[in-house]
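One structure below.
Each value in this text was obtained by applying a stated rule to the coordinates, not by laboratory testing. As the structure is a computational prediction, the values presented were derived from the model and not from experiment. Ideal geometry is used to build each Cβ from the backbone, glycine not excepted, and the neighbour counts take in all protein chains shown.
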Amino acid sequence: MGRTIGSPSKHSGSRHTKEEMLVLPITRQTVTHQATEALRERILRGLYADDTPLRQDALAAELGVSRIPIREALRQLEAEGLVVFNPHRGAVVSSLSVDEIDELFELRAQIESDLVRRAVMATKAEHISRAKEILNAYEGAFRTGEVTEWGKLNWEFHSTLYAPAERPFTMAIIQRLHQQSDRYLRMQLVLTHGESRATDEHRAILAAVTAHDVKLACSLMRQHIIGAGRQLAQFVSAERHASEQRTKKERRS
């Protein structure tokens with residue numbers, strides 16, 4: 001029978017062989033990566049709501065792994081802004097206040113309009129073709145109600161437009177900002193039926209980029225992001241107010 005990875009060999013005592021020293025970190029990294037992906041997807045899909053406690057023992061049992069990769073996964077998700085560590089409650093799913101939503105989308109508008117400005121004149125036919133493919137898939141996901149695909153396809157569209165700018169550090173920052181707002185945007189689109197607005201705005205931005213109209217592309221991108229942020233802030237504010245009213249009503253009854 002094969003020996004479990006991590007157990008000492010018969011000939012090496014407590015010391016690992018050179019081969020084990022190479023395999024162990026890779027195996028652990030793979031498990032941590034898989035745990036991170038699974039937890040991230042659950043948060044982005046709304047399966048773990050805002051402020052939900054993320055208990056390491058329960059998550060480890062749910063995913064069939066030890067607590068070590070869960071702890072490392074939660075730290076990674078903390079770095080991405082999806083999890084916060086509370087001194088008394090441990091790890092919980094992060095939530096955004098209305099002011100934070102405003103700030104996040106204002107920051108996105110500034111950075112992403114600058115990325116478009118840098119990218120437009122370097123955009124080639126293959127970038128346009130890829131962006132069109134993504135938009136077609138995005139609109140198809142709207143029609144079929146594949147909510148879990150919306151955030152991924154939205155990021156793919158935006159990142160495809162920005163790729164010619166060749167700004168990897170900026171792209172990493174923007175991807176994190178997209179991840180932090182993704183679950184809220186999907187919820188808003190589902191409950192307010194805002195798919196047609198998103199589709200029209202994306203098509204207009206792509207047309208400006210295709211025409212190499214830098215000024216128009218920047219303006220449309222900024223309007224698109226600021227408008228989405230404003231609508232999202234209004235939506236979240238209304239939803240939380242309604243939730244507070246329901247809670248008060250339940251307490252009185």
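I need 150, 155 ordered by Cβ neighbour count within 10 Å, fewest first.
155, 150
Full extension from residue 207 to residue 98: what is 0.36 nm times the residue separation minus their Cα-Cα distance, to one decimal in nm?
Stretched out fully, the residue 207 to residue 98 stretch lengthens by 36.0 nm.
Here are labelled values, (1) 19.3; (2) 26.0; (3) 20.8, and one is the computed Kirkwood radius over Cα pairs in Å for what I pasted. Which one?
(3)
Enumerate the calculated ³J(HN,Hα) couplings along the range 83-91 in order (Karplus 6.51 cos²θ - 1.76 cosθ + 1.60, θ = phi - 60°), each rounded to whole Hz, writing x wherever the residue is Gly or Pro.
My calculation for the range 83-91 gives 9, 10, 9, 9, x, 9, 10, x, 6 Hz in order.
Can you give the FRET efficiency for residue 196 and residue 137, using 1/(1 + (r/R0)^6), R0 = 25 Å, r = Cβ-Cβ distance, to the nearest 0.05?
E between residue 196 and residue 137, to the nearest 0.05, is 0.90.
How high is the relative contact order of the range 98-252, given as a whole-number percent (alpha carbon pairs under 8 Å, six or more residues apart)?
41 percent
Using only DSSP helix segments of four residues or longer, with each worth -39500 (n - 2.57), what per-residue ellipticity at 222 nm results for the chain after dividing by its residue count and rounding to 500?
Theoretical 222 nm ellipticity from helices: -25500 deg cm²/dmol.
Between residue 67 and residue 45, what is 0.36 nm times their sequence separation minus the Cα-Cα distance? Round to one decimal in nm.
That works out to 5.6 nm of additional length.
Report relative contact order for the range 81-172 in percent, whole number only (criteria: Cα-Cα under 8 Å, sequence separation at least 6).
About 29 percent, as a whole number.
Along the charge dipole of the chain, pointing to its positive end and built from +1/-1 on Cβ of Lys, Arg, Asp and Glu, which listed residue (211, 32, 158) has its Cα farthest out?
32
Using a Gaussian network for the chain with springs between C-alpha atoms less than 10 Å apart, which of these wobbles most: 70, 173, 226?
Among 70, 173, 226, the largest GNM mean-square fluctuation belongs to 173.
Please find the FRET efficiency linking residue 124 to residue 223, where r is the Cβ-Cβ separation and R0 is fixed at 22 Å, and quote it to the nearest 0.05.
0.30
Using Cα atoms only, what is the angle between the long axis of helix 67-79 and the major principal axis of the chain, expressed in degrees (0 to 90) to the nearest 10?
Long axis of 67-79 versus the principal axis of the chain: about 30 degrees.
Report, to the nearest 10°, how far helix 18-44 tilts away from the longest principal axis of the Cα atoms in the chain, using its own Cα long axis and a range of 0 to 90°.
The two axes meet at around 40 degrees.
Would you work out the charge dipole size for the chain about its Cα centre, treating the Cβ of every Lys and Arg as +1 and the Cβ of every Asp and Glu as -1, and quote it to the nearest 20 debye?
Rounded to the nearest 20 debye, it is 580 debye.
Need one number: the % of Cα-Cα pairs in the range 73-185 sitting beyond the 23 Å mark.
The share of Cα pairs beyond 23 Å in the range 73-185 comes to 40 percent.
Just going by the charge dipole of the chain, with Lys and Arg at +1 and Asp and Glu at -1 on Cβ, which of 107, 227, 92 is farthest out on the positive end?
Working it through, the farthest residue towards the positive pole turns out to be 92.
Would you work out the charge dipole size for the range 184-237 about its Cα centre, treating the Cβ of every Lys and Arg as +1 and the Cβ of every Asp and Glu as -1, and quote it to the nearest 20 debye?
Roughly 120 debye for the range 184-237.
In degrees from 0 to 90, rounded to the nearest 10, what is the angle of the helix 98-119 Cα long axis to the longest principal axis of the chain?
Result, in degrees: 80.
For residue 147 and residue 243 in the same chain, what is the full-extension length gain: residue separation times 0.36 nm, less their Cα-Cα distance, in nm?
Contour length minus the Cα-Cα distance gives 32.3 nm.
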